[in-house]
1. Please work out if R244 is at pLDDT 80 or above, open to solvent by 20 Å² or more (accessible area, probe 1.4 Å) and more than 22 Å from N371 (Cα to Cα).
2. Select, from G376, G364, the only residue that is on the phi > 0 side of the Ramachandran plot and not acidic (D, E).
3. Taking into account only those residues within the range 256-296 that are in contact (Cβ under 8 Å) with a residue 40 or more places away in the chain and in a loop (DSSP other than H, G, I, E, B), which is farthest from V139 (Cα to Cα)?
4. Need a quick list: helices (runs of 4 or more DSSP H) entirely within the range 1-115 having at least 1 residues that are open to solvent by 10 Å² or more (accessible area, probe 1.4 Å) and closer than 26 Å to L367 by Cα.
5. Restricting to the range 359-379, what's the tally of residues that are touching a residue at least 24 places away in the same chain (Cβ under 8 Å), open to solvent by 50 Å² or more (accessible area, probe 1.4 Å) and under 26 Å from M286 (Cα atoms)?
6. Only residues in the range 380-395 that are more than 18 Å from N222 (Cα to Cα) count as the first member; pair them with residues that are open to solvent by 80 Å² or more (accessible area, probe 1.4 Å) and of a type outside the set (A, V, I, L, M, F, W, C), Cβ under 7 angstrom, at least 6 apart or cross-chain, and list the lot.
7. I'm told Q237 meets every condition in (1) in a helix (DSSP H, G or I); (2) surrounded by fewer than 22 Cβ atoms within 10 Å (Cβ to Cβ); (3) modelled with pLDDT under 80 except one. Can you identify the failing condition by its number?
8. Could you look through the range 190-199, keep only residues that are in contact with a helix residue (DSSP H, G or I) (Cβ under 8 Å, 6 or more places away or on another chain) and within 25 Å of I15 (Cβ to Cβ), and pick out the one that is modelled with the highest pLDDT?
Amino acid sequence: MSSRAVSERAVVFLIGAVQFVNILDFVMVMPLGPDFSAGLGIATSHIGTIGAAYTAAACVAGVVGSYFLDRFDRRKALAVAMLGLVVGTAAGGFATGLTSLLVARAMAGLFGGPATSLALSIIADLIPAERRGRAMGAVMGAFSVASVLGVPMAIKVAGWVDWRMPFFGVAGLGLLLAAAAIFFLPPMRGHLEREQVHKVSVRELFTRSDVLLSYTMATLINVAGFLVIPHLSTYVQNNLGQPRDQVEAIYFVGGLVSFVTLRIAGKAVDRLGSFRVGTVGVMLFMCTIYAVFLFPTSGPPLMLLFACFFLSNGVRNVAYSTLTSRVPEQSIRARFMSFQSAVQHLGAAAGAFLSSQMLFDLPGGQLGGLNRVVEGSILLSLTLPVMFFLVERRVRARDQASGTPLATGAPVAVGTGGTPPRS
């Protein structure tokens, strides 16, 4: 098969767009919680369970997908995953009650989880190592764009029409991107056409100390975060009595803060290490959720506190993502990413589910039991600096032992394997 030159910017833009749709499909559901809970007669305390349906299904898909995703052309596999996500998202718009909405969100998770793993694997395969960090940062920026543009727009569309329309809109955009993946991405069969020198068993991925520590850290970060994240919109509107426009403004400002944070925190991690930067993010996260949920306020102080929340969340996530990306060797990257995705979604599902069990509805739709949720998140967060330190120490020790520097790469040509041509 002949290779063909493909613009790296085009690849990064398309994968970033795929991630935008995938992330927006997930993050818009919780801010829309008050809308569909009223429209379908669902208790607001069950919003976390609806979020958990997606993440639990994505966790299962991550484990199962690690056994067969590498057997197919990554381009075609990504298109299939996006089509499944489209169907699941559209089904959410047709939901008639709690059960049908849970099933729809679970279906979206079954395909959305593998779509993320495939998207990141494509970037890792097509972009040379010396430019891969910048590409990963750009793709991670899809979360910020989804927060700045996607979530506020979804909330506005739900207010203009109804809560179902954002689901249909995201499904339509996902359908276009599935077609774009087929027509614009190059064939991705290099991992099928080359013999693997070193094949890693599933058992080895669960016996290595650095991998186990990475999985543990991923679980703790996501449980701590998703104890509180699913309930931000409901808390602001029902407990604080803030108008709907305030929720839109919070996500808009939070997205802008995250967009800047990703770039600044990434540079800080390169200079100072994930342990130092991640610890700062964790401490700020704990202080912020304590102030937001246990000392409620309104007006500019509320906006400032939520800006700090998105800032702290971005800092700790960049430090964590950068550190865990250094854990696997190239020969086990795809399988590690798939299991890591499963662990992340499992942690998010556990956090969302646990918070739903700890919370209860008060008269007027307010959430009760928030103090227990915040205390649980803080207790889990206290373990994270230790995890950052242990994982970073093992990665540095391995890197120093190998002593393999990054080489300067040539322009990339992709098609058969996505590797730079040799001079």
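The values are calculated or read from the model by the stated rules, or taken from the named source; none is laboratory data. Values in this document were obtained by computation on a predicted structure and should not be read as measured data. All Cβ positions, even for glycine, are placed from backbone atoms using ideal geometry, and neighbour counts span all protein chains on display. Side chains are part of the model used for accessible areas, which takes the heavy atoms of the whole protein and leaves out ligands, DNA and RNA. Shrake-Rupley method; radii C 1.70, N 1.55, O 1.52, S 1.80 Å.
1. Criteria not met by R244.
2. G364
3. Taking the candidates together, the pick is P296.
4. Fully inside the range 1-115 and qualifying: 8-27, 33-40, 47-65.
5. Looking only at that region, the number is 4.
6. V395/R326
7. Only one criterion in (1) in a helix (DSSP H, G or I); (2) surrounded by fewer than 22 Cβ atoms within 10 Å (Cβ to Cβ); (3) modelled with pLDDT under 80 is unmet by Q237, namely (3).
8. My answer is G190.
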